[in-house]
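Let me begin by presenting the structure, written as C-alpha cells, before commenting on it.
What follows draws every value from the coordinates through simple rules; no lab data is involved. All values derive from a computational prediction rather than experimental measurement. Note that we place each Cβ from the backbone using ideal geometry, even for glycine, and neighbour counts take in every protein chain shown.
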Amino acid sequence: MTDTTIASILARRVWDSRGRPTVEAEVRLGGGARGRAIAPAGASRGTHEAIDLRDGGAALGGMDVTLALGNVNGPIAARLQGMDATDQSRVDAELIALDNTANKARLGGNATIAVSMAILHAVAMANDMPLYAWLAAGNPVRLPLPEIQIFGGGAHAGRRVDIQDFMVIATGARTFAEALTMTAEVYRAAGQAMSDAGKLQGVADEGGFWPVFDSNEEALGMLTRAIEKAGYRPGEDMAISLDIAASEFGRDGRYTLGLDRRELDRDGMIAMLLDWCGRYPIVSIEDPLAEDDREGMRAFTAAIGGRIQIIGDDYLVTSAGRVDAAASDRACNAVLIKPNQAGTVTETRAALDAGQRAGFGTIVSARSGETEDVTIVHLATGWNAGQLKVGSFARSERMAKWNEALRVEEALGPDAVFAGRAALAVNPW
Ligand code: 2PG
Ligand code: MG
C-alpha cells in the first residue's frame, strides 16, 4: 500500500478564461502521488456562496489572489501536512475548522476548493485509478446528460440581453458522444443563422454566440429554428434549457428586463416564463426567480414543476441545508452543484446527496470563469449526478470538459451508461 500521507501542499497563481488570476493547488503524498486542481470563478454569484478571496487595490482590478495563495502555502499546508489524504471528509473538516466562517471568508473559497480537489486527484493517482472510478467506489456510474449553451447573455455578455444562458439538451441522444455531435450541429446552425442575419459578433464569456437580439424572446425563436435547421425535432431530439439568473435583475419581487424595457412584478415574471414554456420546447429553467424570492420560486414550481425541471443555483448555492429546505418548501425540483460555491469536496457531495435524497435532478456545473481543469467531469460521472453544465461548444476551457467526458465514455467501453433524458428531474416523454 502506497503512502497517502500529505507530504506537501503548494499554491501557484495561474490565469482563468477571463484573463484573471486564480489559485492552483498542488498536493504531493508521501508515496510520491501528486494531484493538482484550479479554482474557477463565477460572475453571476449567489449572495450566500463561498467567497473568492481577492487582494483588492488597483493592480489587476483588485482581482489578484496573493492572499489566498498565502493561505494555502501557510496555514492550510501547516494544518494538513501529515494527515491521511484518503480521508477526504476529515481533511475537509480541518479546512472548515481552520476557516471558521459561514462562507470561507477567512481562507477564501478559492483557496479551499483548489486544495480539496487537488487532494482528491492525488488519492486517485495513489490508487492508480481514474478520478471518476475512485469517486464511484465500486458503485454504478453514468455519463451525464449535457446542457450546452448556444447564446450567452446576462452578466456573461455585458447584459446585452437579460437572460443569461440559452442552452440545448440533446434529449434524443443515446450516448454522450452523440449528444456532443448533435449539439455541434445546432451550434453551427445557430452561428450560420446569426451570420445570415448580420448578427454574428463573436462569443460571450462561456463561448455562446454574442446575443445581438432585439428582445429576450427573439433568442428563443432563433434557437428553435437552429434546432430545426440542424435537422432535429424541437422538444423531441433537442430541447431548450434556460438559466434566467433572475437574481441579476430582480429584487424584492420586482424584475427589470432592460432589453425589453419592462418592469415586472413576481406574477408578471412567472406569467412571462409560463408563456414561453407554452410556446417553445423548454424542458428546464434555472433560477427563474431571484434568490430572495422564495414565494416566487414556490409559485412557479407549483405552476409548472410537474412538467419541467426547475433548478436552484443562486437560490441553493450548493448548500445541503438549503436543498433540504427547498425540498420541503417545493421551491424547485433540481439543484445545480458547483464545488466552489461550497468550498470543499465534502460539502459539495453533501449538497448532491441532499438533492438525490429529495428526488431532485442534480446538475454538476462549471463557472463562467474556467480553466483547463476537468475535475467536474469526474464528479458528475463518478458521483452519478446525471447531468453536467459547462457552458458552450467553443473555447478550450469548455471543450476540455466535453473532451474529457468523451475519454471517460471510451474508457468505460461497452459498460458505459449514458444518463440521457431520464436524468432530468421531470420527464415529459
Ligand atoms: C451560472 C454560471 C454558469 P457564473 O449562473 O449557472 O453559467 O455562471 O459562473 O457566472 O455564476
Ligand atoms: Mg446559474
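Please turn the phi angles of the stretch 97-111 into ³J(HN,Hα) values with the Karplus equation 6.51 cos²θ - 1.76 cosθ + 1.60 (θ = phi - 60°), one per residue in order, whole Hz, x for glycine and proline.
5, 5, 6, 6, 10, 6, 9, 6, 5, 6, 7, x, x, 5, 6
Please give the charge dipole size of the chain, origin at the Cα centre, charges +1 on K and R Cβ atoms and -1 on D and E Cβ atoms. Round to the nearest 20 debye.
Charge dipole, the chain, about its Cα centre: 240 debye, nearest 20.
Most exposed first by the Cβ proxy, i.e. fewest other Cβ within 10 Å, how do Y232, Y315, Y255, Y280 rank?
Ascending number of Cβ neighbours within 10 Å: Y280, Y232, Y255, Y315.
If Rh is defined by the Kirkwood formula over all Cα pairs and Rg also comes from Cα, what ratio Rg/Rh do you get for the stretch 222-275?
Taking Rh as the inverse mean 1/r over Cα pairs, Rg/Rh reads 1.11.
Write down the Kirkwood hydrodynamic radius of the stretch 91-194, to one decimal in angstroms, obtained as one divided by the mean of 1/r over all alpha carbon pairs.
Hydrodynamic radius (Kirkwood, Cα pairs) of the stretch 91-194 is 17.6 Å.
What list of ³J(HN,Hα) values in whole Hz, one per residue of the stretch 243-251 in order, does the Karplus curve 6.51 cos²θ - 1.76 cosθ + 1.60 (θ = phi - 60°) give from phi, with Gly and Pro shown as x?
Each residue of the stretch 243-251 in turn: 10, 6, 6, 5, 5, 6, 9, x, 7 Hz.
Using alpha carbon coordinates only, what is the Rg to Rh ratio of the stretch 272-429, with Rh defined as the Kirkwood radius?
For the stretch 272-429, the value is 0.97.
Report the gain in length on full extension from S396 to R251: 0.36 nm times residue separation, minus Cα-Cα distance, nm rounded to one decimal.
Stretched fully, the S396-R251 segment lengthens by 48.7 nm.
Counting other Cβ atoms within 10 Å of each Cβ, which trypsin sites (Lys or Arg not before Pro) in the stretch 317-366 have at most 15 and sit in a DSSP loop?
R330
Taking 7 Å along the Cα-to-C-beta vector as the label spot, tell me the Q201-T2 distance in nanometres, rounded to one decimal.
Each label point is offset 7 Å from its Cα along the Cβ direction, giving 5.1 nm.
In whole Hz and in residue order, list the ³J(HN,Hα) couplings for the stretch 289-301 that follow from phi through the Karplus curve 6.51 cos²θ - 1.76 cosθ + 1.60, θ = phi - 60°; x for Gly and Pro.
Coupling constants for the stretch 289-301: 10, 6, 4, 8, 10, 4, 4, x, 4, 5, 5, 5, 5 Hz.
Can you give me the long-range amide H partners of Q309? Hydrogens built in the peptide plane at 1.01 Å from N, cutoff under 5 Å, separation of 5 or more residues or another chain.
Answer set, sorted by chain and number: S284, I285, V426.
Which percent of the Cα-Cα distances in the stretch 145-423 go past 35 Å?
Beyond 35 Å sits 10 percent of the P(r) for the stretch 145-423.
Can I get the semi-axes of the stretch 150-206's equivalent ellipsoid? Compute them from the C-alpha gyration tensor as square roots of 5 times the eigenvalues, in angstrom, largest first.
23, 15, 8
Mind checking the dipole of the stretch 6-128: about its Cα centre, +1 per Lys or Arg Cβ, -1 per Asp or Glu Cβ, Debye to the nearest 20?
With only Lys, Arg, Asp and Glu charged at Cβ, the dipole is about 260 debye.
Pop the C-beta distance of D214 and R330 into the FRET formula with R0 = 25 Å and round what comes out to the nearest 0.05.
The pair D214/R330 has a calculated efficiency of 0.10.
May I ask you to sort D205, D243, D3 by Cβ crowding, counting other Cβ atoms within 10 Å and putting the fewest first?
Arranged by neighbour count, lowest to highest, D205, D243, D3 become D3, D205, D243.
What translational diffusion coefficient, in µm²/s and rounded to a whole number, does the Stokes-Einstein relation yield for the stretch 6-128 at 10 °C and a viscosity of 1.306 mPa s, taking the hydrodynamic radius as the Kirkwood radius over Cα pairs?
110 µm²/s
Would you please state which residues of the stretch 283-321 a label at T101 would reach in this model, taking the label point 7 Å out along Cα→Cβ and a backbone N cut-off of under 19 Å?
Inside the label zone: 317-319.
Name the long-range amide H neighbours of A419: under 5 Å, sequence gap of 5 or more, or other chain; modelled H, no Pro or chain starts.
Residues meeting the amide H criterion: L143, L145.
Pull up all non-local amide H partners of T362: gap of 5 or more, or a different chain, and H-to-H distance under 5 Å with H placed in the peptide plane.
Hits under the 5 Å cutoff: V335, Q387.
Please order M297, M1, M63 by the number of other Cβ within 10 Å, starting at the fewest.
Ordered from fewest to most neighbouring Cβ atoms within 10 Å, M297, M1, M63 come out as M1, M63, M297.
Using a simple spin-label model with points 7 Å from Cα along the Cα→Cβ vector, what separation in nm is obtained for D415 and A78?
4.5 nm
Name the residues of the stretch 216-256 whose amide N is less than 13 Å from a point 7 angstrom out from the Cα of D275 along the C-beta direction?
Backbone N within reach: 216-218.
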